[in-house]
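**Student:** For reference, the structure I am asking about is given below.
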Amino acid sequence: MITQRRIFQAKIGEAGQVVQKMKEFQPAFEKFGGSTTRVYTDFFSGNTDRVVWEFDAASLGELERVFLEAGQDPDYQKAFESWYEGLKPLIEVATVEIWNREI
C-alpha cells in the first residue's frame, strides 16, 4: 500500500480555508479515480497552520495511473486548475511525501 501525503504550509490564519479547498476538491478527485482522502490539521506543534492531505493507492503503478489518466482528461484539468488557483493564495509552500506501508 502506498500513501501519498501532501503537506501544505498555510499562510497564518488560513488553515481553515485550505481545509475547505481540500473538501471542495474531493468529489473531482474521486470522480477521476482517486481514493477517499484524509485531511489533518496541526495541533499547535511544530510549524502552525499546516494542513495534510493524504490518500492511498494499491501500488506506485496505481498512483501513477490515476494521475496520468486524470491529467489527460480536459474536465479534470479544468477542475484542477480552477481549484489550484484558489488554493495558491492561501499557502506558502507544499511538500509531497510518498510512503510505503510496511505493516
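**Student:** Of the residues LYS11, LYS78, LYS23, LYS31, only one is exposed (fewer than 15 other Cβ atoms within 10 Å of the Cβ) and under 15 Å from VAL93 (Cα atoms); which?
**Tutor:** Of LYS11, LYS78, LYS23, LYS31, the one residue that is exposed (fewer than 15 other Cβ atoms within 10 Å of the Cβ) and under 15 Å from VAL93 (Cα atoms) is LYS11.
**Student:** Looking at (1) within 22 Å of PHE8 (Cβ to Cβ); (2) open to solvent by less than 80 Å² (accessible area, probe 1.4 Å); (3) modelled with pLDDT of 95 or more; (4) out of contact with any helix residue (DSSP H, G or I) (no Cβ under 7 Å at 6 or more places or on another chain), which one does LEU87 not meet, given that it meets all the others?
**Tutor:** Looking at each condition in turn, LEU87 falls short on (4).
**Student:** For the stretch 4-23, which residues satisfy the criterion of being under 11 Å from the mean Cα position of the chain (by Cα) and either in a strand (DSSP E or B) or modelled with pLDDT under 95 (or both)? If you could, list the steps in order and put the result at the bottom.
**Tutor:** Looking only at the stretch 4-23, we keep the residues that are under 11 Å from the mean Cα position of the chain (by Cα), and these are 4-8, 18-19, 21-23.
Answer for the stretch 4-23, where residues must be under 11 Å from the mean Cα position of the chain (by Cα) and either in a strand (DSSP E or B) or modelled with pLDDT under 95 (or both): GLN4, ARG5, ARG6, ILE7, PHE8.
**Student:** Do we have GLY46 as modelled with pLDDT under 95 and crowded, with 19+ Cβ neighbours inside 10 Å here?
**Tutor:** no
**Student:** Scan the stretch 30-42 and tell me whether some residue there is β-branched (Val, Ile, Thr), within 11 Å of the chain's Cα centre (by Cα) and part of a loop (DSSP other than H, G, I, E, B).
**Tutor:** Yes, because at least one residue in the stretch 30-42 is β-branched (Val, Ile, Thr), within 11 Å of the chain's Cα centre (by Cα) and part of a loop (DSSP other than H, G, I, E, B).
The values are calculated or read from the model by the stated rules, or taken from the named source; none is laboratory data. Just so it is clear, the structure is predicted and the values come from calculations on it, not from any experiment. Reconstructed Cβ throughout: ideal geometry from the backbone, glycine too, with neighbour counts over all protein chains shown. The protein model used for the area step is the full one, side chains on, heavy atoms only, and it has no ligands, DNA or RNA in it. Shrake-Rupley method; radii C 1.70, N 1.55, O 1.52, S 1.80 Å.
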